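Since the structure comes first, as structure tokens, the remarks are kept for the end.
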Amino acid sequence: MAARRRAVARASSKTGKASKARAKATKSRARPTATVNTTLKSMDDGQVRWIYQTMRRIRRFEETAEEAFKAAKMRGALHFYIGEEATATGACAALEDGDFITSTHRGHGHCIAKGARMDKMMAELFGRTTGYSGGKGGSMHIADLELGNLGANGIVGAGIPIATGAALGSKLRQDGQVTISFFGDGAGPTGAFHEGVNVAATMKLPVIFLCENNQYGMATHNEFANAAPISARGPAYSIPSPKIDGNDVFEVYETVKEAADRARNGEGPTLIESLTYRHKGHTVLDQKNYRTKEEIAEWVARDPIERFRTAVSSAKRMTAKEFDAIDADIEREIENAVSFAEASPWPTLDAIERDVYAE
Amino acid sequence: MANTMSNGATREIFMSEALREAIDEEMQRDPTVFLVGEEIGVWGGSYAVSAGLLEKYGPDRIVDTPIAEAAIAGLGIGAALTGSRPIAEFMYSDFMGIAMDQIVNQAAKNRYMFGGKARLPLTYRAPFGAGTGNAAQHTQSLEAWFVHVPGLKVITASTPYDAKGLLKSAIREDNVVVSFEHKALYAMRGHVPEEEYLVPIGVADVKREGTDVSVITYARQVHYALEAAEQLAAEGISVEVVDVRSLYPLDTDAILRSVRKTHRAVVLYEAVRFGGFGAEIASQIQELAFDDLDAPVLRVGAAHAPVPFSEPLEQGSFPDAEKVAAAIRESLQGVR
């Protein structure tokens, strides 16, 4: 163990420099303001409101969950999506009712963006009977099948073949639905990625593989994990693989919408690499030795919620007062979610062997 | 007496045909049923189980995949979760290792992790077992791996009649069922009636009645047990052969009924003896019928080695009628 810690410490002084250099390289990346303007114009007020509301919900849900975790009100693992909200939100905004998603261990954002109830999510994190899974799943296993959320997943990359299966089902049932498989850059090296994407491409299935490249799988940098960028893989499967600014909700929305149209038209899958960053550590527990303060600050400055708010304000689509009113509503919603979770009963032991099989 | 043997009608078909009939009938009955796997279409399946089905149902319901076992397992899960009723075939059960995460961490656990809300009407089919000279990576019996995972049901048939009835039940289940089909039995002929029937999952079948020793077994080993029973009958030893048919759920009552009658049990299986599913059966018997036993429960299984290629070595590593007969005699000597 000690040897491993030393090795990590040595490596981190090197990665420190490397991450500074990477931050510099991505710094000058200009935001395509043209997309913001045309996309924002194409959205109605309800959509604009929904996007802000959803991103704020995700952020406040996780900030509150972190507090509860630190206060020892919940246990297990919490993987934070904070900083990545634009990807789940922009992607789900482009979906239609009945479309499917598969999510990841970092899945709170996908669940909320797909319409999950925060009180039932919070109760699940608290391990209570009123949670999405009655306390049997926890943070990494929230699903809402009625909303088309086929589940968060504790195994990196495992949602990719499942999403492909959902898309095969849609093709056979001719239900016109598409499936988004969310996964991180950490899933890039897995066999499940290749098997799932290749089969989907050969069968031209209506599925979107949405890689949230937050640049780190635990402490391992994307460039170490993947021999080539995820966006370079499309040609290998004869599918498009655009790389987008994952902190720009408009760009995510436009790209996913186009991919969904392609999928619905029978043109097959799209692989999207959405570049983003997690502001927080891998989980509540984090070594904090693999990223520089400068790099984190750089990305916090590109906060997707602030960017959205600025764009919407300068286009005079929403006033400060309207934003504040949404924030206040969300605070109430969050407070209710926590008190609902805390007041909910613990499951009783007779539940242990229930729900293993359908009767 | 065994229902599989007593029917008056005379139609005899191969087990591969019986399985095909099961798939065909269920596909006709329910438009959401489809078959997915490697070489199941044009080729007709490695053991010809799906021969002719592509012509009948087309490529949308007989879905050929590239070599991608994790994808095959996942295709089944995703389609089942969203409203279809897939049958996913592995060319050999040995290849399920590649798909193990999808089967064990995904298919088996989705329902439970999601609080009982997920419905997975999904059947995995996989040829298993030895005797074909295909060596270490194409002849294993890995059923114990799957029985050990809550959320899966595991079945395996010894006759064409059971194979058809069990597979039809599996396809109609709203659960994940792993159906192991013994490769040496695909070409076995047996009675299968024209009219529709189901064999329920979780119900054992006494394939031969006897009074002196119970042999508890499944799949191809049922036939070795019957062969041994026939030989021993000439010596005045009466052997009862219980075919469990379903490994999970296990029909413990049927096993106990037999053991309480004969007071002796030999557990017979083709998997590696050590740590095999037979240990579970033996354990159930001693826990629940200890006072009824006149001899230790014996296990007969395969050698602790990968499956060898050379014919005498392969034959020698597995139980056969002679080895079972020897175990039965040993059990009879073990009077306390």
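The values are calculated or read from the model by the stated rules, or taken from the named source; none is laboratory data. In this text, all values refer to a predicted model and were calculated from it rather than measured experimentally. Here the Cβ is made from the backbone with ideal geometry for all residues, glycine too, and neighbour counts use every protein chain on show.
Within the set of pairs 6 or more residues apart or between chains, which connect a residue that is more than 14 Å from chain A (Cβ to nearest Cβ) inside region B:162-173 to a residue that is among the charged types (D, E, K, R) and crowded, with 24+ Cβ neighbours inside 10 Å with Cβ atoms less than 6 Å apart?
What qualifies is B:ASP162/B:ARG245.
Can you find, within region A:215-234, the residue that is nearest to the other protein chains (Cβ to nearest Cβ) among those that are out of contact with any Leu (no Cβ under 9 Å at 6 or more places or on another chain) and assigned to a helix (DSSP H, G or I)? Don't jump to the end; show me each part of the working.
Within region A:215-234, the subset out of contact with any Leu (no Cβ under 9 Å at 6 or more places or on another chain) is A:216-229, A:232.
Filter once more, keeping what is assigned to a helix (DSSP H, G or I): A:222-225, A:232.
Working: A:ASN222: 22, A:GLU223: 26, A:PHE224: 23, A:ALA225: 18, A:ALA232: 21 Å.
Filtering region A:215-234 for residues that are out of contact with any Leu (no Cβ under 9 Å at 6 or more places or on another chain) and assigned to a helix (DSSP H, G or I), the one nearest to the other protein chains (Cβ to nearest Cβ) comes out as A:ALA225.
Of the residues that make up region A:227-245, is at least one at positive phi and at pLDDT below 95? Don't jump to the end; show me each part of the working.
Of region A:227-245, the ones at positive phi are A:238.
Still in the running and at pLDDT below 95: none.
So far as region A:227-245 goes, no, none of its residues is at positive phi and at pLDDT below 95.
Can you find, within region B:107-129, the residue that is nearest to the other protein chains (Cβ to nearest Cβ) among those that are of a type in the set (A, V, I, L, M) and farther than 20 Å from B:GLY45 by Cβ?
The initial filter retains those residues of region B:107-129 that are of a type in the set (A, V, I, L, M), namely B:107-108, B:113, B:118, B:120, B:122, B:126.
Then drop every residue that is not farther than 20 Å from B:GLY45 by Cβ, which leaves B:107-108, B:113, B:118, B:120.
Details: B:ALA107: 9, B:ALA108: 9, B:MET113: 4, B:ALA118: 6, B:LEU120: 8 Å.
It comes out as B:MET113.
In region B:203-221, is there at least one residue being of a type in the set (Ser, Thr, Tyr), in contact with a Gly (Cβ under 7 Å, 6 or more places away or on another chain) and touching a residue at least 12 places away in the same chain (Cβ under 8 Å)?
Applying the first criterion (of a type in the set (Ser, Thr, Tyr)) to region B:203-221 yields B:211, B:214, B:217-218.
Next cut, in contact with a Gly (Cβ under 7 Å, 6 or more places away or on another chain) only: none.
Checking region B:203-221: not a single residue is of a type in the set (Ser, Thr, Tyr), in contact with a Gly (Cβ under 7 Å, 6 or more places away or on another chain) and touching a residue at least 12 places away in the same chain (Cβ under 8 Å).
Considering only residues of region A:338-359 that are among the hydrophobic types (A, V, I, L, M, F, W, C) and outside any loop (DSSP other than H, G, I, E, B), which is nearest to the other protein chains (Cβ to nearest Cβ)? Spell out the reasoning first.
We begin by selecting, within region A:338-359, every residue among the hydrophobic types (A, V, I, L, M, F, W, C); these are A:338, A:340-341, A:343, A:346, A:349, A:351-352, A:356, A:358.
Still in the running and outside any loop (DSSP other than H, G, I, E, B): A:338, A:340-341, A:343, A:349, A:351.
Numbers: A:VAL338: 20, A:PHE340: 16, A:ALA341: 15, A:ALA343: 19, A:LEU349: 15, A:ALA351: 9 Å.
So the residue we want is A:ALA351.
Quick check on region A:55-72: of everything there that is hydrophobic (A, V, I, L, M, F, W, C) and free of Cβ contacts under 8 Å to residues at least 60 places away in the same chain, which residue is nearest to A:GLY90 (Cα to Cα)?
Applying the first criterion (hydrophobic (A, V, I, L, M, F, W, C)) to region A:55-72 yields A:55, A:58, A:61, A:65, A:68-69, A:71-72.
Then drop every residue that is not free of Cβ contacts under 8 Å to residues at least 60 places away in the same chain, which leaves A:58, A:71-72.
Values: A:ILE58: 13, A:ALA71: 32, A:ALA72: 33 Å.
So the residue we want is A:ILE58.
Please state which of the following conditions B:ILE87 fails to meet, knowing it meets all the rest: (1) without any contact (Cβ under 8 Å) to a residue 40 or more places away in the chain; (2) surrounded by 24 or more Cβ atoms within 10 Å (Cβ to Cβ).
Tallying (1) without any contact (Cβ under 8 Å) to a residue 40 or more places away in the chain; (2) surrounded by 24 or more Cβ atoms within 10 Å (Cβ to Cβ), B:ILE87 fails exactly one: (1).
Would you say B:ASP205 is closer than 30 Å to B:ASP174 by Cβ, touching a strand residue (DSSP E or B) at 6+ places or on another chain (Cβ under 6 Å), acidic (Asp, Glu) and modelled with pLDDT of 95 or more?
On the way: closer than 30 Å to B:ASP174 by Cβ: yes; touching a strand residue (DSSP E or B) at 6+ places or on another chain (Cβ under 6 Å): yes; acidic (Asp, Glu): yes; modelled with pLDDT of 95 or more: yes.
Considered against the rule, which asks whether it is closer than 30 Å to B:ASP174 by Cβ, touching a strand residue (DSSP E or B) at 6+ places or on another chain (Cβ under 6 Å), acidic (Asp, Glu) and modelled with pLDDT of 95 or more, B:ASP205 comes out as yes.
Considering only residues that are in contact with a helix residue (DSSP H, G or I) (Cβ under 9 Å, 6 or more places away or on another chain) and without any contact (Cβ under 8 Å) to a residue 24 or more places away in the chain, which ones fall in region B:101-132?
Result: B:MET113, B:PHE114, B:GLY115, B:LYS117.
Search region A:95-123 for residues being part of a strand (DSSP E or B) and not aliphatic (A, V, I, L, M), and hand back the single one that is farthest from the other protein chains (Cβ to nearest Cβ).
Filtering region A:95-123 down to residues part of a strand (DSSP E or B) leaves A:100-102.
Next cut, not aliphatic (A, V, I, L, M) only: A:100, A:102.
Working: A:PHE100: 6, A:THR102: 8 Å.
Applying the filter and picking the extreme gives A:THR102.
Would you tally the residues in region A:245-269 being crowded, with 24+ Cβ neighbours inside 10 Å and either under 14 Å from the mean Cα position of the chain (by Cα) or outside any loop (DSSP other than H, G, I, E, B) (or both)? Before you say what the answer is, go through the steps one by one.
Taking region A:245-269 and keeping what is crowded, with 24+ Cβ neighbours inside 10 Å, we get A:245-250, A:252-253, A:255-256, A:259, A:263, A:269.
So of that shortlist, the ones also either under 14 Å from the mean Cα position of the chain (by Cα) or outside any loop (DSSP other than H, G, I, E, B) (or both) come out as A:245-250, A:252-253, A:255-256, A:259, A:263.
Of the residues in that region, 12 qualify.
Please state which one of A:ARG309, A:ARG317, A:ARG354 is surrounded by 13 or more Cβ atoms within 10 Å (Cβ to Cβ), of a type in the set (Lys, Arg) and without any contact (Cβ under 8 Å) to a residue 24 or more places away in the chain. Before you say what the answer is, go through the steps one by one.
Numbers: A:ARG309 fails: without any contact (Cβ under 8 Å) to a residue 24 or more places away in the chain; A:ARG317 fails: without any contact (Cβ under 8 Å) to a residue 24 or more places away in the chain.
Only one candidate qualifies: A:ARG354.
Output the number of the condition that A:ILE180 fails; it satisfies all remaining conditions of (1) crowded, with 24+ Cβ neighbours inside 10 Å; (2) more than 8 Å from every other protein chain (Cβ to nearest Cβ); (3) part of a loop (DSSP other than H, G, I, E, B).
A:ILE180 satisfies all of (1) crowded, with 24+ Cβ neighbours inside 10 Å; (2) more than 8 Å from every other protein chain (Cβ to nearest Cβ); (3) part of a loop (DSSP other than H, G, I, E, B) except (3).
Would you be able to tell me the number of residues in region A:185-214 that are of a type in the set (Ser, Thr, Tyr) and more than 10 Å from chain B (Cβ to nearest Cβ)? Walk me through how you get there before you give the answer.
Of all residues in region A:185-214, those of a type in the set (Ser, Thr, Tyr) come to A:190, A:202.
Still in the list and also more than 10 Å from chain B (Cβ to nearest Cβ): none.
Final tally of qualifying residues: 0.
Restricting to region B:274-313, give me the number of residues that are within 17 Å of B:GLY129 (Cα to Cα), buried (at least 18 other Cβ atoms within 10 Å of the Cβ) and of a type in the set (D, E, K, R).
Adding up the residues that qualify gives 0.
Answer yes if at least one residue in region A:323-336 is part of a helix (DSSP H, G or I) and either of a type in the set (Gly, Ala, Ser) or in contact with a strand residue (DSSP E or B) (Cβ under 9 Å, 6 or more places away or on another chain) (or both), and no otherwise.
First, pick out the residues of region A:323-336 that are part of a helix (DSSP H, G or I): A:323-336.
Retained after the next criterion (residues that are either of a type in the set (Gly, Ala, Ser) or in contact with a strand residue (DSSP E or B) (Cβ under 9 Å, 6 or more places away or on another chain) (or both)): A:325, A:328.
Yes, some residue in region A:323-336 is part of a helix (DSSP H, G or I) and either of a type in the set (Gly, Ala, Ser) or in contact with a strand residue (DSSP E or B) (Cβ under 9 Å, 6 or more places away or on another chain) (or both).
For region B:190-216, which positions are in a strand (DSSP E or B) and farther than 18 Å from B:THR252 by Cα?
Within region B:190-216, B:GLY190, B:HIS191 qualify.
Per-residue answers, yes or no, for (1) surrounded by fewer than 17 Cβ atoms within 10 Å (Cβ to Cβ); (2) at negative phi:
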| site | (1), (2) |
| --- | --- |
| B:LEU226 | no, yes |
| B:LEU232 | no, yes |
| B:GLU235 | yes, yes |
| B:ARG245 | no, no |
| B:PRO249 | yes, yes |
| B:LEU256 | no, yes |
| B:LEU268 | no, yes |
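Tell me, please, whether a residue that is among the acidic types (Asp, Glu) and in contact (Cβ under 8 Å) with a residue 24 or more places away in the chain can be found in region A:145-167. Full working, then the answer.
Step one: list which residues in region A:145-167 are among the acidic types (Asp, Glu), which gives A:146.
Then drop every residue that is not in contact (Cβ under 8 Å) with a residue 24 or more places away in the chain, which leaves none.
Among the residues of region A:145-167, not one is among the acidic types (Asp, Glu) and in contact (Cβ under 8 Å) with a residue 24 or more places away in the chain, which makes the answer no.
Name the pairs whose Cβ atoms lie under 7 Å apart, with the first residue in region B:241-262 and within 18 Å of B:GLY276 (Cα to Cα), the second of a type in the set (Asp, Glu) and in a helix (DSSP H, G or I), and 6 or more positions between them or separate chains?
Going by the 7 Å Cβ cut-off, the qualifying pairs are B:ARG245/B:ASP162; B:LEU247/B:GLU143.
Restricting to region B:1-28, and then to whatever is of a type in the set (Val, Ile, Thr) and at pLDDT 95 or above, can you tell me which residue is farthest from B:ALA88 (Cα to Cα)?
At the first step, the residues of region B:1-28 found to be of a type in the set (Val, Ile, Thr) are B:4, B:10, B:13, B:23.
Retained after the next criterion (residues that are at pLDDT 95 or above): B:13, B:23.
Details: B:ILE13: 24, B:ILE23: 11 Å.
For region B:1-28, the residue satisfying everything is B:ILE13.
One residue is enough: does region B:36-52 have a residue meeting the conditions surrounded by 24 or more Cβ atoms within 10 Å (Cβ to Cβ), in contact (Cβ under 8 Å) with a residue 40 or more places away in the chain and within 13 Å of another protein chain (Cβ to nearest Cβ)?
The initial filter retains those residues of region B:36-52 that are surrounded by 24 or more Cβ atoms within 10 Å (Cβ to Cβ), namely B:36-37, B:40, B:45, B:49-50.
With in contact (Cβ under 8 Å) with a residue 40 or more places away in the chain added as a condition, the list becomes B:36-37, B:40, B:45, B:49.
Next cut, within 13 Å of another protein chain (Cβ to nearest Cβ) only: B:36-37.
Yes - at least one qualifying residue is present in region B:36-52.
Say we look at region A:144-171 and pick out the residues that are assigned to a helix (DSSP H, G or I) and surrounded by fewer than 24 Cβ atoms within 10 Å (Cβ to Cβ); which of these is farthest from the other protein chains (Cβ to nearest Cβ)? If you could, list the steps in order and put the result at the bottom.
At the first step, the residues of region A:144-171 found to be assigned to a helix (DSSP H, G or I) are A:145-147, A:159-171.
Filter again for surrounded by fewer than 24 Cβ atoms within 10 Å (Cβ to Cβ), leaving A:145-147, A:171.
Details: A:LEU145: 6, A:GLU146: 8, A:LEU147: 11, A:LYS171: 8 Å.
So, considering only residues that are assigned to a helix (DSSP H, G or I) and surrounded by fewer than 24 Cβ atoms within 10 Å (Cβ to Cβ), the one farthest from the other protein chains (Cβ to nearest Cβ) is A:LEU147.
Of the residues in region A:127-143, how many are more than 7 Å from every other protein chain (Cβ to nearest Cβ) and either in a loop (DSSP other than H, G, I, E, B) or on the phi > 0 side of the Ramachandran plot (or both)?
Step one: of region A:127-143, the residues more than 7 Å from every other protein chain (Cβ to nearest Cβ) are A:127-131, A:135, A:138-140, A:142.
After this cut, where a residue has to be either in a loop (DSSP other than H, G, I, E, B) or on the phi > 0 side of the Ramachandran plot (or both) as well, the list is A:127-131, A:135, A:138, A:142.
The qualifying residues number 8.
Please verify whether region B:141-155 includes one or more residues that are crowded, with 24+ Cβ neighbours inside 10 Å and at positive phi.
Checked against the condition, which is being crowded, with 24+ Cβ neighbours inside 10 Å and at positive phi, region B:141-155 yields no hits at all.
Would you pick out the residues in region B:89-106 that are of a type in the set (A, V, I, L, M) and within 9 Å of chain A (Cβ to nearest Cβ)? Show your work before the answer.
Initial filter on region B:89-106 (of a type in the set (A, V, I, L, M)): B:91, B:96, B:98-100, B:103-104.
Once the filter is applied, which keeps residues that are of a type in the set (A, V, I, L, M) and within 9 Å of chain A (Cβ to nearest Cβ), region B:89-106 yields B:ILE98, B:ALA99.
Within region B:73-85, does at least one residue satisfy the condition of being away from chain A (no Cβ under 14 Å) and of a type outside the set (Asp, Glu)?
At the first step, the residues of region B:73-85 found to be away from chain A (no Cβ under 14 Å) are none.
No; the residues of region B:73-85 include none that is away from chain A (no Cβ under 14 Å) and of a type outside the set (Asp, Glu).
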